[in-house]
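The values are calculated or read from the model by the stated rules, or taken from the named source; none is laboratory data. Everything numeric in this text was worked out from a predicted model, so none of it was measured. Positions of Cβ are backbone-derived with ideal geometry, glycine not excepted, and every protein chain shown enters the neighbour counts. Note: areas computed on protein heavy atoms with side chains; ligands, DNA, RNA excluded. Shrake-Rupley method; radii C 1.70, N 1.55, O 1.52, S 1.80 Å.
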Amino acid sequence: MLRALFIALSESRWLRNVAERSRIGQRTSSRFVAGTQVADAVRATEAVNRFGASVSIDNLGENVTNAEEARASAQLYHHLLDEIAARKLNANISLKLTHMGLDVDEDLARDLVRGLLARVVAMSPKNFVRVDMEGSPYTQLTLDFVEDLHRVPGNAGCVGAVIQSYMRRAESDIEKLLSQGIRIRLCKGAYKEPPEVAFQKKSEVDANYVKLMKILMKSGIYHGLATHDEAIIKEAKAFATREKIPHNAFEFQMLHGIRRDLQQSLVKEGWGMRVYIPFGTEWYPYLMRRLAERPANVMFIAKNLWRR
Ligand SMILES: Cc1cc2nc3c(=O)[nH]c(=O)nc-3n(C[C@H](O)[C@H](O)[C@H](O)COP(=O)(O)OP(=O)(O)OC[C@H]3O[C@@H](n4cnc5c(N)ncnc54)[C@H](O)[C@@H]3O)c2cc1C
């Protein structure tokens with residue numbers, strides 16, 4: 001019920017405009033968002049690198065409505081990659097295709113992502129672009145995009161996809177991606193999807209996650225297990241030990257601001273750990289999805305606002 005409400009709120013353009021411009025909105029978002037500037041993302045990345053985890057930096061934004069905005073978003077990612085290289089950060093980038101103008105002009109989005117990928121491939125060592133997965137109207141397009149980009153000579157291993165375990169099609173998508181050697185981030189899924197498309201019960205989504213996670217872990221390709229679910233993380237560790245899968249053959253991934261304790265303890269135990277750090281002025285839909293996942297965050301945020 002509350003999940004559906006927050007997801008509906010995440011889609012409101014009016015609220016987004018009001019919230020993103022307000023001071024209180026910016027303070028509210030700081031629990032999950034590193035800040036509004038590249039320098040904020042760099043600072044947060046350095047802090048995470050210091051405790052031994054790697055990072056994926058996300059320049060927040062989605063569903064841009066004109067080509068100029070899309071070009072500006074891509075430009076900001078180029079700037080980020082410059083910073084990653086200059087400061088030798090242990091970080092890659094995550095982006096959304098609708099932020100690169102997918103709704104405006106598919107060819108433009110393709111060109112912009114291709115340009116970023118060319119930059120990533122030219123870096124030493126080569127870097128990596130993760131294409132986030134959005135709502136189901138974009139699933140096929142996004143996977144096609146990643147497959148096309150991965151096929152370009154030189155790009156293999158430098159671009160990866162995301163699979164959401166709530167999607168009924170997830171297993172067949174995984175089979176197809178694995179057959180091409182594409183790296184996958186597995187997550188549960190953050191959007192509101194109808195029952196024809198996605199499992200609705202948490203128990204089904206979790207069971208599918210565990211099933212898919214084991215397929216990925218045994219694939220011999222380096223994947224990311226994106227979850228804060230302690231039971232699943234425990235099961236992943238036990239599976240790795242049982243199947244003699246080395247600690248560095250995959251990585252756990254978590255979001256900035258969520259379960260830092262768990263992030264650090266996984267690092268101490270020697271597991272790969274990557275933290276997803278979002279930054280930027282367009283934080284509203286991202287924050288609403290975090291509230292949808294855990295409505296108790298509303299109270300947490302309210303208390304922190306009161307304290308300051
Ligand atoms: C690195 C990363 C990248 C992601 N990329 C995508 C993507 O591309 N597309 C997509 O659809 N989704 C993405 N997600 C979001 C994901 O789909 C889930 O919505 C989110 O991770 C919550 O699911 P969970 O696996 O943590 O399990 P849940 O069962 O939701 O939560 C398990 C436990 O984690 C903690 N927790 C979970 N969420 C929160 C929160 N918001 N605040 C505080 N505690 C919380 C709580 O302790 C909770 O009990 C990503 C998540 C991560 C970690």
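Before moving on, here are some points about what is shown:
- Shape call, segment 106-233: gyration tensor on alpha carbons, a/c limit 1.5: prolate
- Accessible area of the chain belonging to carbon and sulfur atoms, whole % at 1.4 Å probe: 55
- Fraction of beta bridges assigned by DSSP in the chain that are antiparallel (%, nearest 5): 5
- In sequence order, calculated HN-Hα J values of segment 128-133 (Karplus, 6.51, -1.76, 1.60; Hz; x Gly/Pro): 8, 10, 9, 8, 4, 9
- A 1.4 Å probe run over segment 93-248, with the rest of the protein chains in place, finds 42 Å² accessible per residue.
- Rel. contact order, % - alpha carbon contacts under 8 angstrom, at least six apart, the chain: 26
- Listed by chain and number, the lysines whose alpha-carbon sits under 20 Å from that of LYS214, ignoring those within fewer than 8 places in the same chain, are LYS176, LYS188, LYS202, LYS234, LYS237, LYS244.
- Helix runs (DSSP H) in the chain reaching 20 Å along axis by Cα, Kyte-Doolittle at least 0.0: 106-122, 202-217
- Two-decimal Rg to Rh for segment 209-308 - Kirkwood Rh, Cα set: 1.04
- Each principal axis of the Cα cloud of segment 73-145 was evaluated for its coordinate range; sorted largest first, these ranges are 37, 18, 16 Å.
- Accessible-area rank, largest first, for CYS187, CYS158: CYS187, CYS158, with all protein chains present and a 1.4 angstrom probe.
- Over the residues of the chain, the helix contribution to mean residue ellipticity at 222 nm works out to -16000 deg cm²/dmol, using -39500 (n - 2.57) for each DSSP H run of at least 4.
- Among ALA44, SER54, THR65 - extreme Cα towards positive end, dipole of segment 36-133, charges at beta-carbon: SER54
- Solvent-free Debye scattering, log10 I(q)/I(0), computed from the Cα coordinates of segment 138-184 at q = 0.23 Å⁻¹: -0.77
- Expressed as a fraction of 2.2 N^0.38 Å, the value expected for a compact globular protein of N residues, the C-alpha radius of gyration of the chain is 0.95.
- Charge sum, other residues only, whose C-beta stays under 10 Å from ALA70's C-beta, Lys/Arg counted +1 and Asp/Glu -1: -4
- Looking at segment 143-200, the GluC sites (Glu not before Pro) that sit in a DSSP loop and have at most 10 other Cβ atoms within 10 Å of their own Cβ are GLU196.
- Inter-site label distance for LYS176 and LYS237 at 7 Å from Cα along Cβ, in nm: 3.6
- Nonlocal amide H pairs with LEU255, under 5 Å, H built at 1.01 Å: TYR276
- SER29 contributes about 10 Å² of solvent-accessible surface, heavy atoms of the protein only, 1.4 Å probe.
- Loop-located trypsin sites (Lys or Arg not before Pro) in segment 138-204, at most 13 other Cβ atoms within 10 Å (DSSP): LYS201
- Extension gain, GLU68 back to GLU11 (0.36 nm per residue minus Cα-Cα distance, nm): 18.4 nm
- For LYS218, a cut-off of 13 angstrom between C-alpha atoms picks up these aspartates and glutamates, skipping any fewer than 8 places away in its own chain: GLU175, GLU243.
- Extending 7 Å from the Cα toward the beta-carbon at both ILE24 and GLU204 defines two label points whose distance is 3.9 nm.
- The stretch between ARG168 and GLU230, if pulled fully straight at 0.36 nm per residue, gains 20.0 nm over its current Cα-Cα span.
- Selection of trypsin sites (Lys or Arg not before Pro), segment 46-142, meeting DSSP coil and at most 11 other Cβ within 10 Å: LYS88
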